[in-house]
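A.B. asks: Before I ask anything, let me first share the structure, which is written out below as C-alpha cells.
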Amino acid sequence: MLENIRLSFQGIWSHKMRSFLTMLGIIIGIAAIIAIVSTIQGTNEQIKENLVGSGENTVTVQLNQGDWAYEIEWNGIPDGVPVISEEVRQEILNLDHVENASLYTYREGYDAVYHQNTGLSGGKIYGVDQNYLSTCNYIIKSGRNFAESDFNNFRKVVILDDDSAETLFSGEDPVGKTIEIRQEPYVVIGVVEKSSQFEPVINTIEDYYMYAEDSSGSIYVPDVTWPVIYSYDEPQNLVLKLDSADNMTAAGKEAANILNAGLFVEDDTIKYKAVNLLEQAKEIQELSKSTNTMLIWIAGISLLVGGIGVMNIMLVSVTERTQEIGLKKAIGARKGKILGQFLTEAAVLTSMGGVIGVIVGIILAEIISKLMVTKVAISIPAAVIAVIFSMVIGIIFGLLPSYKAANLNPIDALRHE
C-alpha cells in the first residue's frame with residue numbers, strides 16, 4: 001500500500017498540470033459544499049443568537065389567551081388565575097437545569113412615566129421580585145440594587161435601564177432623583193445594564209422588525225408596590241435562567257405545566273405558555289432549508305463532473321502505461337496488485353483535491369462572511385466527510401480504468417505502440 005501511494009505521488013508530480021486540471025472539478029465541488037455548509041451553519045447560529053441572546057439562557061413563561069399574551073390592560077384581570085406563590089416558585093426552581101426563577105408583571109408605559117416635563121413614551125414598566133435582575137443577567141451600572149428592606153417596607157423606589165435613564169435624564173446621573181409613575185413619586189436608586197451586552201445583528205429591515213426592541217427603555221419597581229400604581233395584584237409572568245440554551249424548551253414546558261395546574265379558569269384558552277425562542281429560531285432556519293439543500297445538490301454536480309474527469313484521465317494513464325503494465329504482469333504481478341495500484345492513484349488524486357477543496361472552501365466562507373457581514377461556522381465533520389467522500393469518488397470512478405489495466409493481456413500490452 002505504501003509503495004502504491006509513493007508511486008501515485010510520483011505519477012501525479014510527473015504530470016503536475018494534468019493532475020491539477022483533473023482535481024479542479026473535485027476542488028470546486030468540495031469548496032462549494034464547505035462554503036455553503038459553513039455559511040448555512042453560521043447563519044443558523046446568528047438566528048439562534050439573535051432570538052435567544054448570547055449566553056443569557058433565559059426563557060419566559062407568560063399568561064396567554066390563545067396564541068397571544070394576555071392583555072390585562074384591555075381584558076382586565078382574569079378570573080381563576082391566582083397570584084403565583086413562593087411555594088410554586090420554589091417548586092419550579094427545583095426543576096432540572098433551572099438555576100434561577102423570577103416572577104414579574106409588566107405594562108407598556110404610555111403616558112405613565114415622567115421626570116419633570118419629559119415622558120417615557122412607549123417604555124415598559126416592570127413589577128419585579130428580588131431575583132429578577134440577576135435572573136435576567138442585569139448588573140448594576142450605578143447606584144444600588146433592590147434590597148430586602150425595599151420589599152419589606154413597601155418602598156417606592158425604581159431602577160432604570162440605560163435607555164430609560166437617557167430618555168428621562170439626558171445624560172445626567174439619575175440616582176437619587178425622583179420620577180413619577182402614574183402620578184406616584186418613585187426615587188431612582190440605580191441604573192442597570194445587561195452583563196453580556198449582547199446586540200442582535202441587524203442587516204435588513206426585516207431583521208430590524210424581528211429583533212429590534214423599543215429604544216425608550218424599561219423601568220423596574222418592587223412588585224409589592226405594583227398595586228400602588230395599578231390598584232390590584234395581577235397574575236405574574238415567570239422568567240427562568242437555565243444552565244444551557246439547549247434546555248430552554250423542556251424547562252419552559254415543565255414550568256408552564258406547574259403553573260397551569262393551579263389555574264381555575266372557565267376559558268380554557270387562557271393558560272401559561274413558554275415563549276419558545278429556540279422553536280422560533282428553528283422555524284426561521286427551516287424556511288431556508290429547501291434552498292440550502294438545492295445549493296448543496298448543485299455543488300454536488302461539480303463532484304460528479306470531477307469524478308468523470310478522474311475516470312477520463314485514469315483511462316488516458318492506463319493507455320500511456322500499457323507497456324509498463326504488460327511488463328509487470330509478465331514478471332508475475334497479479335491482477336489485484338495492478339488493480340490496487342491504479343485505484344490507489346485515483347484515490348490519492350481525489351483526496352488531494354478534497355483537501356485543497358476544503359482549504360479553498362474555508363477561505364471562501366470567510367470571504368462571504370466579510371462581504372455579507374454574517375457569521376460563519378466551519379464544520380469540522382463536514383470537512384472530514386468531504387475529504388472521505390472525494391476519496392470514495394476516486395475509488396468509484398477509478399474502478400473502470402483500474403479494471404481495464406488489471407485485465408490487459410501481458411503479450412498484447414508489451415507489443416502496444
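A.B. asks: How many residues does region 219-234 hold that are part of a loop (DSSP other than H, G, I, E, B) and touching a residue at least 40 places away in the same chain (Cβ under 8 Å)?
C.D. replies: Going through region 219-234 one residue at a time, the tally reaches 3.
A.B. asks: Within the set of pairs 6 or more residues apart or between chains, which connect a residue that is over 11 Å from residue 80 (Cα atoms) and in contact (Cβ under 8 Å) with a residue 60 or more places away in the chain inside region 253-272 to a residue that is part of a helix (DSSP H, G or I) and small (Gly, Ala, Ser) with Cβ atoms less than 9 Å apart?
C.D. replies: Every condition considered, the pairs that remain are 272/255; 272/256.
A.B. asks: Let me ask something else. What do you reckon, is residue 148 acidic (Asp, Glu), surrounded by 14 or more Cβ atoms within 10 Å (Cβ to Cβ) and modelled with pLDDT of 90 or more?
C.D. replies: No, not satisfied.
A.B. asks: In region 151-194, how many are surrounded by 14 or more Cβ atoms within 10 Å (Cβ to Cβ) and of a type in the set (S, T, N, Q)?
C.D. replies: 2
A.B. asks: Going by what's in this entry, would residue 130 be described as exposed (fewer than 15 other Cβ atoms within 10 Å of the Cβ) and modelled with pLDDT of 90 or more?
C.D. replies: no
A.B. asks: Right, something else. Can you tell me how many residues within region 235-274 are buried (at least 19 other Cβ atoms within 10 Å of the Cβ) and in a loop (DSSP other than H, G, I, E, B)?
C.D. replies: The total comes to 2.
A.B. asks: What is the number of the single condition among (1) without any contact (Cβ under 8 Å) to a residue 24 or more places away in the chain; (2) closer than 26 Å to residue 249 by Cβ that residue 101 does not meet?
C.D. replies: (1)
A.B. asks: Now, a different point. Looking at region 82-120, which of its residues are surrounded by fewer than 17 Cβ atoms within 10 Å (Cβ to Cβ), β-branched (Val, Ile, Thr) and within 26 Å of residue 217 (Cβ to Cβ)?
C.D. replies: Hit for region 82-120 is 118, nothing else.
A.B. asks: Can you tell me how many residues in region 322-369 are modelled with pLDDT of 80 or more, farther than 17 Å from residue 22 by Cβ and open to solvent by 60 Å² or more (accessible area, probe 1.4 Å)?
C.D. replies: Counting residues in region 322-369 that are modelled with pLDDT of 80 or more, farther than 17 Å from residue 22 by Cβ and open to solvent by 60 Å² or more (accessible area, probe 1.4 Å) gives 5.
The values are calculated or read from the model by the stated rules, or taken from the named source; none is laboratory data. Bear in mind the structure is a predicted one, so any value in this text is a computation, not a measurement. FYI the Cβ positions are ideal-geometry reconstructions off the backbone, even for glycines, and counts take in every protein chain you see. Only protein heavy atoms, including side chains, enter the accessible area calculation; ligands, DNA and RNA are left aside. Shrake-Rupley method; radii C 1.70, N 1.55, O 1.52, S 1.80 Å.
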